[in-house]
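A.B. asks: Take this structure first; my questions come after.
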Amino acid sequence: MKRIIFAFLTVSLLIAGLLPLSASMGQNRTPRSKATLDRVEERQEAFPERTINSEDSPSRERLNPSFETLAQDLVYMHFLFKGGDGIPVVFDSGTARAQGYSEQSIRLAEELTAYTNDLTRAAMKSKNPREASVAKLNVETRQYSRMTTFFAQATKRNEASISKEKGPSISAYGIIGIAEYECGSFLRPLPNRSATPKEHYSKDPAKTLTSWGYHRTPNYAGGGWTRPRTYKWWVCGWNTFRDDAWTLIRKPNFIQEQNYSGWTPNGEPNPEVWRSGPWPYATWPAYVAVWHKMH
C-alpha cells in the first residue's frame, strides 16, 4: 500500500508540473506557492486507487472498454510515459500489460506516443522551419484511428456538457490530472471550439501584426502569424497557447484574426511547441495536433 500511495503521489506531482521530468537533469524551476500545493492535494483526493487482478478471465469491459474506462486507464498509466519537451516519448507497454490494463487502452497509449514522436521528429528535422510545410512533415492522423476516435468522443461529450445537454461533464469524472484539466487534453479539450475570425483593414498587415505582438508562424506549425499567450504558467508553461492571424491573397490588405482575449484558456493550443516545449505532459503535441485537426 505504501508503494501505491508513493507512486500515486509522484504521478500527481508529475502531472501538476511540481516534479518535472527535467528535474533529474538539474534544471531550476520556480518554486510553487502554498496555494498551488493545496490545489494539488485537493485533486489527489479525486483519484481512487486502482486495483486490477490480471489473473481474472478477460471481461467484456476489458475486451471492448468504454470511453470512461479508456480515459481512466490513460490517467492511471500516466507514470508509464517518459520523456517530453523535445525528448522522445516512451510508453512502457510491458509494465502496463503486467499490471492488467486492457489491450485497447495500451494500444491507445502507444498511438499517442507514436504520434507525439512523429510530430516532434518531423519538426526537428526541418532545416528551415519556416519552409517546412505541415504536408511535408508527412504526419497524418489517419493511421492513429484509436486516438482520433477517442478525441472525437471526448470533444462530443465536452460540447454536450457546455451546451447543458444530457451527458456527464468531463470535469465531473474526477479522473484527470491538473495539467490535463487546466491546459486541455483529450478528456477536456480546451478551448472547446476555435474563435471566430475577425477582419481588420491595414495598409501594411505585416507591420500591423508585428506591432500587435505577432510573429511569423513556422509553416510546420501551420504558417500565418502567431501571438504567444500564457495561461497558468505554473502548470501549462510559458507560451503554450496562442492567438492566430493570417492574410488572404485575394484580400492582401485585410487581416483575419482569431483573438482569444477573455477566453479560458486565453488562446488555442500553440503548435510551435512541437520542437522543444514546454509540454504540460508527455503527449501534449499529439493532443495539440488533433485539436487543430478537429477545429
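A.B. asks: Dipole size in debye (nearest 20) for region 198-274 around its Cα centre, Lys and Arg Cβ +1, Asp and Glu Cβ -1?
C.D. replies: So the dipole magnitude of region 198-274 works out to roughly 140 debye.
A.B. asks: Report for region 198-274 the percent antiparallel among DSSP-assigned beta bridges with both residues inside it, nearest 5.
C.D. replies: Taking every DSSP beta bridge within region 198-274, about 100 percent pair in antiparallel fashion.
A.B. asks: Whose amide H sits under 5 Å from the amide H of GLY84, counting only residues 5 or more places off or on another chain, with H placed in the peptide plane?
C.D. replies: Amide H neighbours of GLY84, under 5 Å, 5+ apart: VAL89.
A.B. asks: Another question, if that's okay. Stretched out fully, how many nm does the piece from ARG121 to SER276 gain, at 0.36 nm a residue minus the Cα gap?
C.D. replies: Stretched out fully, the ARG121 to SER276 stretch lengthens by 54.8 nm.
A.B. asks: For region 241-254, just list the computed ³J(HN,Hα) in residue order, Karplus coefficients 6.51, -1.76 and 1.60, θ = phi - 60°, integers in Hz, with x standing in for Gly and Pro.
C.D. replies: Per residue, the Karplus-derived 3J(HN,Hα) values read 10, 7, 9, 10, 8, 7, 10, 10, 4, 6, 9, x, 9, 10 Hz.
A.B. asks: Which of the pairs LYS156/LYS293; LYS198/LYS251; LYS125/LYS232; LYS125/LYS251 have their Cα atoms more than 24 Å apart in this structure? Mind showing how you got there, number by number?
C.D. replies: Values: LYS156/LYS293 14 Å; LYS198/LYS251 14 Å; LYS125/LYS232 30 Å; LYS125/LYS251 34 Å.
Those over the limit are LYS125/LYS232; LYS125/LYS251.
A.B. asks: May I pose another question? Which FRET efficiency, nearest 0.05, do MET294 and GLU199 yield, Cβ-Cβ r, R0 25 Å?
C.D. replies: Efficiency for this residue pair is about 0.55.
A.B. asks: Let me ask you something else. Amide H neighbours of PHE241 under 5 Å, counting only residues 5+ apart in sequence or on other chains, H built in-plane at 1.01 Å?
C.D. replies: ARG229, TYR231, ASN270
A.B. asks: Explain nothing, just compute: Karplus ³J(HN,Hα) = 6.51 cos²θ - 1.76 cosθ + 1.60, θ = phi - 60°, for every residue of region 217-223 in order, whole Hz, x for Gly and Pro.
C.D. replies: Per-residue couplings from phi come out as 8, x, 4, 5, 9, x, x Hz.
A.B. asks: Further, regarding this structure: Under the rule of at least 5 residues apart or a separate chain, name every residue whose amide H is placed under 5 Å from the amide H of LEU190.
C.D. replies: Answer set, sorted by chain and number: SER185.
A.B. asks: Please work out the ratio of the alpha-carbon Rg of region 198-274 to 2.2 N^0.38 Å and round it to two decimals.
C.D. replies: Relative to the rule-of-thumb radius for its length, region 198-274 sits at 1.11.
A.B. asks: Sort 203-215, 280-292 by packing, meaning the average of other beta carbons within 10 Å per residue, with the highest value first.
C.D. replies: Ranking, from highest mean packing down: 280-292, 203-215.
Just so you know, all these numbers are worked out from the coordinates, no wet-lab data involved. Predicted model, so just to flag it, every value in this text is computed and none were measured. Every residue, glycine among them, receives a Cβ derived from its backbone with ideal geometry; neighbour counts consider all protein chains shown.
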